[in-house]
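What follows draws every value from the coordinates through simple rules; no lab data is involved. Model, not experiment: these values are computed from the prediction. So basically every Cβ, Gly included, is an ideal-geometry build from the backbone, and we count neighbours across all protein chains shown.
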Amino acid sequence: MAGDEEFMAKLAIVGLGGAGSNLVNRIYNSGIKSATTMAMNTDAKHLNMINAHKKMLLGKEITHGLGAGGYPEVGLKCADASRREIQDAIAGYDLVFLAAGLGGGTGGGSIPLVAQLAKEQGSLVVAFVTYPFALERSRKQKADWGLQQLAKNADTTVIIENDRLLSYAPNLQMEKALELVDSVAANAVRGIADTVSLPSLINLDFADVRSVMKDAGTAVINIGSGYGPERVNKAVNSTLQHPLLNIETRGGKSAMVHVIGGTSLSIEEATKVGEGVTADLDERANVIFGARLVPELNDQIRVMSIITGVTPKFGAAESRSSSMSSVSQINIENIL
């Protein structure tokens, strides 16, 4: 019914800075219908290369479209100067996804303010951010500042550690490596948006997502896939082996699981995957679960789980390095 749109949740995906805008570009080019995409940057040249439903140059009177120079305080100042335009752009959305790469200028500096503006207007705010490589010492300091500020206003912040993701694919060319980081976050955001908004094998609604994501703090995203006769077990095992944040999830209190598969995917198989990837959570955990059919996947199953309310261990380098050697590498072609 045409009138049904009146009762559907309105979703926006906002990319901030270079990395965030690249993610939005990827999602827009994939033909998304479940959410409005927006790109916001201080770099006019980069913004001109991005495809999105809406684009905004932040703080044009401050940087004159030349970027924030890697200074988050400049990114914040530019966002503040464009406060009214940002408020108008995100007005009326029930769920606002924010995406940025932490450690730089525009994304890390502007995302806390945009989160605040979205929260003030009543939106559920879910941020997806990448955390710099260990060798990027000054960027890590900026990223830590950004996380502290973001935590004050985002309901949920999903952190993807660059080191942890790329450790599963150490021989990738740099271009492919950056594409992999971008792709994981893009697939997660689109997966949630599509499952909430489009007909699915197992539906999620906005109230389900809000029950897990509202005021949930830091979250970890896990990814995995499986194919062939043992595809359910393979999908579960690879998901549990590929957390993208150094974290202990055993006993977790809430999670969202999203499963996609070809037309042969059954409700029983999808449910078994969901049960498998959440088996270690608290027995009273609030778990929401959605599944969609994507015909081009044929007999492959892909899984994404987000476990909320966790505490990252960025300083535990020894834990990170030891865990890397004991798991299999991600099949890159299943993600890109």
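For the range 1-83, rounded, prolate or oblate, judged on the Cα gyration tensor with a ≥ b ≥ c (square roots of eigenvalues), a/c < 1.5 rounded, else prolate if a/b > b/c? Could the numbers behind the result be given before it?
Details: a/c = 3.04, a/b = 2.02, b/c = 1.51.
Prolate shape, in that a/c is at least 1.5 and a/b is the bigger ratio.
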Practice problem: Grab the Cα-Cα distance for Lys152 and Glu283, subtract it from 0.36 nm times how many residues apart they are, and report the gain in nm with one decimal. | Solution: 44.2 nm
Quiz item: If you line up the long axis of helix 231-241 against the longest principal axis of the chain, both from Cα atoms, how many degrees apart are they, to the nearest 10?
Solution: 50
Practice problem: Of the options Gly108, Ser138, Gly122, report the single residue whose Cα projects farthest towards the positive end of the charge dipole of the range 78-148 (beta-carbon charges: Lys, Arg +1; Asp, Glu -1). | Solution: Ser138
Self-check item: Within-11-Å neighbourhood charge of Ile13 [Cβ basis; K, R +1; D, E -1]
Solution: +3
Practice problem: Output the Cα-based Rg and Dmax of the range 196-236 in Å, rounding Rg to one decimal and Dmax to a whole number. | Solution: 14.3, 40
Practice problem: Using only the Cα atoms of the range 179-281, build the gyration tensor, take square roots of its eigenvalues as a ≥ b ≥ c, and label the shape rounded, prolate or oblate: rounded if a/c is under 1.5, else prolate if a/b is larger than b/c, else oblate. | Solution: rounded
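Using the count of nearby Cβ atoms within 10 Å as a rough guide to exposure, how do Ser305, Ser225, Ser138, Ser264 rank from fewest to most?
Ser138, Ser264, Ser225, Ser305
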Self-check item: Net charge over other residues, Cβ less than 12 angstrom from the Cβ of Leu204 (K, R count +1; D, E count -1)
Solution: -1
Quiz item: Quick one: helix 17-29 against the long Cα principal axis of the chain, what's the angle to the nearest 10°, folded into 0 to 90?
Solution: 50
Quiz item: Using Cα atoms only, what is the angle between the long axis of helix 267-277 and the major principal axis of the chain, expressed in degrees (0 to 90) to the nearest 10?
Solution: 70
Self-check item: For the chain, built as a Gaussian network whose Cα springs stay under 10 Å, the top-fluctuating residue of Gly274, Gly69, Gly104
Solution: Gly69
Exercise. Springs between alpha-carbon atoms under 10 Å, Gaussian network over the chain: tell me which of Ile260, Ile160, Ile62 tops the mean-square fluctuations.
Key: Ile62
Exercise. Take the alpha carbon atoms of the range 121-235, find their radius of gyration, then divide it by 2.2 N^0.38 Å using N residues; give the quotient.
Key: 1.23
Self-check item: Rough spin-label spacing in nm, given labels placed 7 Å along Cα→Cβ, for Glu61 and Ser138
Solution: 3.0
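Using only the Cα atoms, work out Rg/Rh for the range 29-152, with Rh taken as the Kirkwood radius, to two decimals.
On the Cα set of the range 29-152, Rg over Rh gives 0.95.
Kirkwood Rh, the range 228-272, all Cα pairs: how many Å?
Value: 12.4 Å, from the Cα pair sum.
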